[in-house]
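The values are calculated or read from the model by the stated rules, or taken from the named source; none is laboratory data. The shown structure was predicted, so the numbers you read here are calculated from the model rather than taken from an experiment. Positions of Cβ are backbone-derived with ideal geometry, glycine not excepted, and every protein chain shown enters the neighbour counts. For the accessible areas, the whole protein counts, side chains as well, though only heavy atoms, and no ligand, DNA or RNA atoms are used. Shrake-Rupley method; radii C 1.70, N 1.55, O 1.52, S 1.80 Å.
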Amino acid sequence: GWSNRQAAQTEASSASPEAWLSELASVLNDNLTREASDLISCNRMLTLLRKFGLESSNNRNAIERWLLQDDKRMVRTICEIVLYALQKSTVSADRSKTAAHILRFLAVNRVLPDDFERTYFTDFLDCISDMKELNAFETSHLLWSWGKTCSLAPSQEFMNEWEESFFYNKDQIEATLLSNAMYACGKLAPKFAPSLQFLQTCDQLVVKNAAGFDAVSLSVLLWSFGRIALGQSKYRLSEKALSVFYSRFCDSRLEFQPESLHQVFWAVHAMNLRPPREFYMRFYESCDKQLPFFSSSTVIELMKLFGDANVQPPRHILELWSFRYRQCAARLRISQHLIVIRALMKMRWSRTPGLLSEVTFPLLEKELGVLSQPQLSELNRYCKRLELLTTKQSSSDDRTVSTSVFPALEQEIAQRLATAESPEVFLRTAEQRMFSGASRDDDMSKSAVVQRFCELSTSFSARELTRMLSLLVSLKYKPEDQFWNAWYKAYAERCHTKMTGSDLTVILWSFGKLGVMPRSDFLALWFNDLNSRELDLLGIVQLFWATVKLKLAVPENEWLRWCELLEHRMPEFNARQFAVSTWALGEIPRSFPTSLLSVWFAKFIDIEPSLNSTNVENILKGLCGFPVRPSPQVQSAIEKAFLSRLGVAEPRNLAQGAISLAVLKPDLSDEFWAQWSMAVKAKPKRFRFRDSIDILQLLAQRSITVADAPWISDLCDNFDPERIAPADLVHAAEAMTLVGLTLAPEKQASWRDSLARAEGSGPLAISADLRRRFFGIDASA
């Protein structure tokens, strides 16, 4: 009976796809009605799947529909029958080849049991015991099937054996097989990295098989290398391989489908390539043909890539994209509309007139109520940016962007703020509300935030209480006593024992930034809480900074603990933390252990190359206030650091740094002052008024006048007496006369009027001698 059935099956297998499916169903039914599978029918199943099944790609949809019926019971049974036959096979080479073909069949037809990876995949791999017997086709498709059917990374042992088979068959690896192998490497790239030898071999094969790449294999290949470049290996294609790719991509005989175009552009951006002009011309030409057929998701992804890569497509491409976006806009998700806004903001969004106002914002306005909190925050951020952009646009159509959705957005955020039931939702909404352009400077909005906090304060956690102060710092807003009463009460009654060291230091830092002196009962509790907390690097720096700003009276035992922490953690500081802590040590009128100085100097020598000019200025200020004068070695080192940054220093750093260095080292050489004067001379117009006065006084101390350095007059050209505070007018006049400057006749009238108003508004005395020298006239006049 078996021989007759086999003969019938052989005849049926060569008939048609329908006959093949019928025969497959017959074998399945035979096995389903038996308590155990028989080996003959199982082997017949292998033959059906391996031969006819692989040749039936044109009938893939029919096969897929048939296999999916009955909740994938068919495909699950196929897996079990095939595994049974493979495991019973005694010929290792045949078993390995057959298992590779079966995996490819399952991957090609895209029908797998939901638990395939967990239940069956490892069993199939176990049947592939000898990869050396696989030919080039089987080797390539084995890894391709892995990428299609399994998300797990291959083991190193498996990859070593597979790569050995790949190297053995490399002379038979043509373009499509290479693309298939690379696809799996790209798909699994975040989880594993192929060997460098394998990647270099693939690189060489790209050059060798250049003419064999079609549009699909070329795009998949580049996409795969892009994924690998972002993964663990960071491998980049050689210039020869890239040249082959650009040349092949520009071949007009290749027709790239939408998905291929997306893959190519994504890879170019991911690998940060700089393609030739011909590449972009070919890419835009292909987009011109294919963009109408892009799926909605690919349309959005391509636009996102344009924005991320800072590419400005030609106008006709933008117009075509705009048309396609309008077609599918109603079907897009909120997150996709946000991607569109982001992309248009990075490009010349005004070249798509009316798109945001007519399409995007009206759709989003209807959905504001269902936007998640992060989405609302993102939209709010974009709208603020657009408010700035629209003020720079000349087109009235562009200006409508600023009025289409912004009021509704403001209203939605305000409503969520008023109805927020939890502190977390309240804080997120408040941050959005306060950072919108329309309400950042709106005291009524700020008062509404404070009022809502008072209503919810009893449910705030320790971290949320800290975030509330940070929000006020961002707003530069000092609330009234009602807020502080609620805040102090929440801290003292519920939160202070749950505060971390980071929370406590951020709270003190916030008080310093707001310029609010904490209450004495709070400070007593705060010091007690801090005593038992671990502090991180930022927290230590915040402590010292806030102590200066608040003129805090730190108990002796706590001060010594802070100094010990500073000494212990200073070697870990970055440049800014080191500079700020040095400045604070100099500003706090307290002594500190001498051992801290040794640690400080060692850290300074180590970190000096990474200090910027502002860091050096802060360090100089701090050293001036140290209770112990730094050694000559330290003074020379800091002078050298200051001089080496003169060319890149900001004007304020030049002025304040030189003042501090002159205090620290009064015997500065003439060479130092000559270099410093040259740096000041290079940027006289950029100094602020007070910095200019300080520079004039420094020059006067060195007996340098305008006769010696005519450029000094440039420092004072921007002085506007009508904008200078009355008390500073006299200082300005004194400083200018010290360096021999006399007012030009055309400026004397404005200075006379300003000085007269200053004298009339308060006790400001201007000596006759100063008048004479400043205006260049007799005292009597």
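Return the subset of K97/K289; K603/K685; K240/K304; K191/K289 for which the Cα-Cα distance in this structure is over 32 Å, preserving the input order.
Working: K97/K289 42 Å; K603/K685 36 Å; K240/K304 29 Å; K191/K289 37 Å.
In this structure, K97/K289; K603/K685; K191/K289 exceed 32 Å between Cα atoms.
Measuring from centroid to centroid over Cα atoms, what is the spacing of the stretch 515-536 and the stretch 654-702 in Å?
41 Å
Please compute the modelled spin-label separation between L668 and T119, points set 7 Å along Cα→Cβ, answer in nm with one decimal.
8.1 nm
Keeping all protein chains in place and using 1.4 angstrom, which order do D503, D308 fall into by accessible surface area, from largest down? Before the final figure, lay out the partial values.
On the way: D503 5, D308 55 Å².
My answer, sorted largest first, is D308, D503.
Taking the Cα centre of the stretch 233-390 as origin, sum charge times position over the Cβ atoms of Lys and Arg (+1) and Asp and Glu (-1), and report the length of that vector in debye to the nearest 20.
It comes to approximately 320 debye.
Give the ranking of D288, D521, D115, D714 by solvent-accessible surface, highest area first, calculated with a 1.4 Å probe.
Values: D288 75, D521 105, D115 30, D714 50 Å².
Result, largest first: D521, D288, D714, D115.
Taking the Kirkwood radius as the inverse of the mean 1/r across Cα pairs, report the Rg/Rh of the stretch 225-378. Can you show the working numbers first?
Values: Rg = 16.9 Å, Rh = 16.8 Å.
With Rh from the inverse mean 1/r over Cα pairs, Rg/Rh is 1.01.
Take the Cα of K289, step 7 Å along the line toward its Cβ, and report every residue of the stretch 252-283 whose backbone nitrogen sits under 18 Å from that point.
Only 252-265, 278-283 fall inside the zone, counting backbone N under 18 Å.
If you average the sequence gap of Cα pairs under 8 Å that are 6 or more apart and divide by the length of the stretch 234-304, what percent do you get for the contact order? Walk me through the numbers on the way to the answer.
Working: 30 pairs, mean separation 29.9, N = 71.
42 percent.
Rounded to the nearest 20 Debye, what is the dipole magnitude of the stretch 147-221 about its Cα centre when Lys and Arg each give +1 and Asp and Glu each give -1 at the C-beta? All intermediate terms of the calculation are to be shown ahead of the outcome.
Working: 5 positive and 8 negative charges, 56 e Å.
Using only the charged Cβ atoms, the result is roughly 280 debye.
Mind grabbing the base-10 log of I(q)/I(0) for the stretch 139-187 at q = 0.13, 0.29 Å⁻¹? Debye formula, identical points on the C-alpha positions, no solvent, two decimal places.
The computed values of log10 I(q)/I(0) come out as -0.26, -1.19.
With no solvent and one point per C-alpha, what does the Debye sum give as log10 I(q)/I(0) for the stretch 609-657 at q = 0.23, 0.25 Å⁻¹?
Treating every Cα as an identical point scatterer, log10 I(q)/I(0) equals -0.81, -0.94.
Can you give the extra length, in nm with one decimal, that the chain gains between N718 and L537 once fully stretched, where that is 0.36 nm per residue apart less the Cα-Cα distance? It would help to have the intermediate numbers written out before the result.
On the way: separation 181, 0.36 × 181 = 65.16 nm, distance 4.23 nm.
Full-extension gain reported as 60.9 nm.
If you keep only loop residues by DSSP, which trypsin sites (Lys or Arg not before Pro) in the stretch 527-634 have at most 15 other Cβ atoms within 10 Å of their Cβ?
Numbers: sites: R533, K549, K551, R561, R569, R576, R590, K603, K621; in loops: R533, K551, R590.
Taking the stretch 527-634 and a limit of 15 other Cβ atoms within 10 Å, the loop trypsin sites (Lys or Arg not before Pro) found are R533, K551, R590.
Picking from S520, L475, L508, whose Cα lies most toward the positive end of the charge dipole for the stretch 470-562 (charges on Cβ: Lys, Arg +1; Asp, Glu -1)?
Value: L475.
Quote the charge dipole size of the stretch 112-254 about the Cα centre in Debye, to the nearest 20; the model charges only the Cβ of Lys and Arg (+1) and of Asp and Glu (-1). Walk me through the numbers before you get to the answer.
Numbers: 13 positive and 18 negative charges, 165 e Å.
Dipole of the stretch 112-254, to the nearest 20 debye: 800 debye.
Heads up, I need the accessible area for L338: 1.4 angstrom probe, whole protein in place, Å², nearest 10.
For L338, solvent-accessible area is about 0 Å².
So which lysines can K478 reach, going by Cα to Cα under 21 Å and dropping same-chain residues fewer than 8 places off?
Reachable lysines: K446, K489, K513, K549, K551.
Kindly write out, for the stretch 144-156 in residue order, the coupling ³J(HN,Hα) from the Karplus curve 6.51 cos²θ - 1.76 cosθ + 1.60 (θ = phi - 60°), rounded to whole Hz, with x marking Gly and Pro.
4, 5, 4, x, 7, 10, 9, 9, 6, 6, x, 6, 4
T458 accessible area, nearest 10 Å², 1.4 Å probe?
Probe radius 1.4 Å; accessible area of T458 about 100 Å².
Where the centre of each part is set by its Cα atoms, how far does the stretch 475-490 sit from the stretch 193-267, in angstrom?
60 Å
For V506, V616, give me the order by solvent-accessible area with a 1.4 Å probe, most accessible first, ignoring ligands, DNA and RNA.
Values: V506 25, V616 0 Å².
In descending accessible area the options line up as V506, V616.
Rg (Å, one decimal) plus Dmax (Å, integer) for the alpha carbons of the stretch 155-284?
In order Rg, Dmax, the Cα atoms of the stretch 155-284 give 14.1, 45 Å.
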